[in-house]
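Report on one structure; see the data block that follows.
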Amino acid sequence: MKFDSIIIGGGIAGYTAGLRSLEAGLKTAIISNGQSALHFSSGSIDLLSHTPTGKAIRNPAAIFDKFTNEFPLHPYSKVGKQTVFESLNWYKNILTTAGIPLLQQEDGDNHLRITPLGTLKSTWLSQPYIHQLPMRLNEHTIKRIVVVQIDDFRDFNAKMVTDNLVQIPEFEGVEITHTSVAIDGFSGLKRNACELRSIDIARILTNESEIKALATKLKTIATQDDLVVIPAITGNGKGLSVLNKLHALTQLTFHEVPTMPPSMLGIRLEETMIDLFIKAGGMLLKGDQVTHGDIAKDNNSSNDELSLKRIYTRNLESMPLTADNYIFASGSFFNKGLIAQHDKLQEPVFNLDMNSNQARSTWYNPQFFAPNSQPFLSLGIKTNHNFNPMLAGKVITNLFCAGSNLGGYDPIAEGCGSGVAISTGYHAVNHLLQNTKHNQSQHLTSDSLV
Ligand SMILES: Cc1cc2nc3c(=O)[nH]c(=O)nc-3n(C[C@H](O)[C@H](O)[C@H](O)COP(=O)(O)OP(=O)(O)OC[C@H]3O[C@@H](n4cnc5c(N)ncnc54)[C@H](O)[C@@H]3O)c2cc1C
């Protein structure tokens, strides 16, 4: 099978690249092995919350030029300010038009969201039922917070959230309480309550009578002046429709918090991207895994460069897939996009060069909760300025890396995971268009997708 572009990996970086590639009119396939990090994420898009040295960032655009000068090896410095913000706006627009609005502060500041621990974390874009608190927290206007525990649901702890929220000095004077609510449909589930996950509740809550019953109960415990913190327990193929109904029935101000995995907020993003990709004509090989590829001298290059000729997958075995260009968005250690052997770090599909060959003892900080980040989070594939990786020092010209398999940044400590994934996936397509003879590239527009 021959494609214009093949994307390896179905996380936020891979789907961004896939959607952008389809927009450019390219025949596109995504091969994706397993669950992406979105199933564990808050569903908010972090752009840049902290510098690598730990300094909090209020307005990413305002410090971006200084940031890229100071940290030239960071992926954002290679992508460039214009493309980073263009890609995030593009992502926001396509998701919003597809029914998952992504909202931000009008002044370009990050905002704070309440986490499942009852702490606050800054982010850039959030879904509509995430209450955006100002970075200058003392400017908040909350009068009362009601944290809702769902009876028998163990993956969210309302008391812990409450206990931690009351310790935030800026919430002094805010009444913060927690209360529990039963979902009637649980009684019909003949299973151990410990096995009850958010996705199970989401299934129950596709039933209109369950939604109405929950709305009635919520109205008895909170008023329209309150912020109602609820675990994210709706979605599962229904997007925001269930929460929209709950809101319409109650007129309450909800703040969803992700639960223990699976995170319905992240799944909503993934489901929407998959839907857009398939509807726009992309081929999705879900559940398949790229095992290896043939890499040989690039005949179009006068330098000593390489090109990826074809790739092989676990399911298609001896039937290789070929493309003019490939985007490698296989994720980090979390999804086995990268592997830590006892004595070396490895990229397992092509054995690409890594950005560090240092000894194991340098990969981690023995203090697990050290305030600065764990070094292994910044380890990844070594690339040139266009995100082409290298094999034994030689650049592979038609392979582009995107997302968390890249080295040079820490998605968690810097609060930039989805931002880097989106902007590098987007940027990779811009670059492969320069490689491709496809003449539709000039017509790159998001209208065709949505
Ligand atoms: C627990 C957790 C919570 C996070 N929360 C947030 C958050 O709230 N906001 C935020 O902005 N960022 C968050 N991040 C960071 C951010 O989610 C990640 O940086 C980002 O999602 C990475 O996306 P990705 O597409 O690069 O990789 P992934 O999401 O890891 O996707 C890679 C995909 O490639 C597949 N794959 C791997 N190898 C192969 C192969 N050989 N063949 C086929 N498929 C393959 C994997 O199965 C997977 O589906 C979080 C990260 C983690 C780990």
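The values are calculated or read from the model by the stated rules, or taken from the named source; none is laboratory data. Please read all numbers here as calculations on a predicted model, not as lab measurements. So basically every Cβ, Gly included, is an ideal-geometry build from the backbone, and we count neighbours across all protein chains shown. Protein only, heavy atoms only, side chains kept; ligands, DNA and RNA dropped before computing areas. Shrake-Rupley method; radii C 1.70, N 1.55, O 1.52, S 1.80 Å.
Using a 1.4 angstrom probe with every protein chain in place, what is the largest-first accessible-area order of Glu86, Glu139?
Glu139, Glu86
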If the chain between Lys66 and Thr220 were fully extended at 0.36 nm per residue, the gain over the current Cα-Cα distance would be 50.4 nm
So if I place +1 on the C-beta of Lys and Arg and -1 on the C-beta of Asp and Glu, and nothing else carries charge, what would the dipole magnitude of the chain be about its Cα centre? I want it in debye, nearest 20.
560 debye
Nonlocal amide H pairs with Lys309, under 5 Å, H built at 1.01 Å
Asp294, Ile295, Ala296
Greater than 32 Å apart at Cα, pairs in Lys55/Lys336; Lys92/Lys336; Lys2/Lys344; Lys2/Lys81; Lys66/Lys238:
Lys2/Lys344; Lys2/Lys81; Lys66/Lys238
Need the full-extension length gain, Thr206 to Lys55, defined as separation in residues times 0.36 nm minus the C-alpha distance. One decimal, nm.
50.1 nm
Here the stretch 225-230 yields Karplus 3J(HN,Hα) values (6.51, -1.76, 1.60; θ = phi - 60°; whole Hz; Gly and Pro given as x) of 7, 8, 9, 9, 8, 10
Taking only Cα atoms, what is the 0 to 90° angle, nearest 10, from helix 417-435's long axis to the longest principal axis of the chain?
30 degrees
Below 8 Å between Cα atoms, with a sequence gap of 6+, how large is the relative contact order for the stretch 116-257 in percent?
29 percent
From the residues Phe85, Met160, Asn299, which one has its Cα farthest along the dipole of the chain in the positive direction, the dipole being from +1 and -1 charges on Cβ of Lys/Arg and Asp/Glu about the Cα centre?
Asn299
Estimate the FRET efficiency between Ala296 and His385 by the formula 1/(1 + (r/R0)^6), using the beta-carbon distance for r and 25 Å for R0, to the nearest 0.05.
0.60
Using θ = phi - 60° and the Karplus relation 6.51 cos²θ - 1.76 cosθ + 1.60, list the HN-Hα couplings for the stretch 292-308 in order, rounded to whole Hz, with x at every Gly or Pro.
6, x, 9, 10, 9, 4, 7, 5, 8, 10, 7, 7, 7, 10, 10, 9, 8
If you line up the long axis of helix 81-97 against the longest principal axis of the chain, both from Cα atoms, how many degrees apart are they, to the nearest 10?
50 degrees
Report ³J(HN,Hα) in whole Hz for each residue of the stretch 5-21, in order, from the Karplus equation J = 6.51 cos²θ - 1.76 cosθ + 1.60 where θ = phi - 60°; Gly and Pro get x.
9, 10, 10, 9, x, x, x, 5, 5, x, 5, 4, 5, x, 5, 5, 5
Under a 1.4 Å probe, counting only protein heavy atoms, Val147 has an accessible area in Å², nearest 10, of 0 Å²
Determine, for each peptide in 338-347, 274-283, the mean count of other beta carbons within 10 angstrom over its residues, then list the peptides with the highest first.
274-283, 338-347
What is the set of long-range amide H partners of Gln289 at a cut-off below 5 Å, with H atoms built 1.01 Å from backbone N?
Arg314, Asn315
Spelling it out for Val257: with amide H atoms placed in the peptide plane at 1.01 Å from N, the residues 5 or more places away or on another chain with amide H under 5 Å from its amide H are Ile230, Ala232
Can you tell me how much longer the chain between Phe333 and Ala280 gets when fully stretched, taken as 0.36 nm per residue apart minus their C-alpha distance, in nm with one decimal?
16.0 nm
Carbon plus sulfur fraction of accessible area for the stretch 116-257, probe 1.4 Å, in percent
49 percent
With all protein chains in place and a 1.4 Å probe, Glu210 shows an accessible area in Å² (nearest 10) of 30 Å²
How many angstrom lie between the Cα centre of the stretch 310-328 and the Cα centre of the stretch 16-53?
20 Å
Kirkwood radius from Cα pairs of the chain plugged into Stokes-Einstein at 20 °C, 1.002 mPa s, gives D in µm²/s equal to 93 µm²/s
Packing rank of 73-80, 322-329, where each peptide gets the mean count of other beta carbons within 10 Å, highest leading:
322-329, 73-80
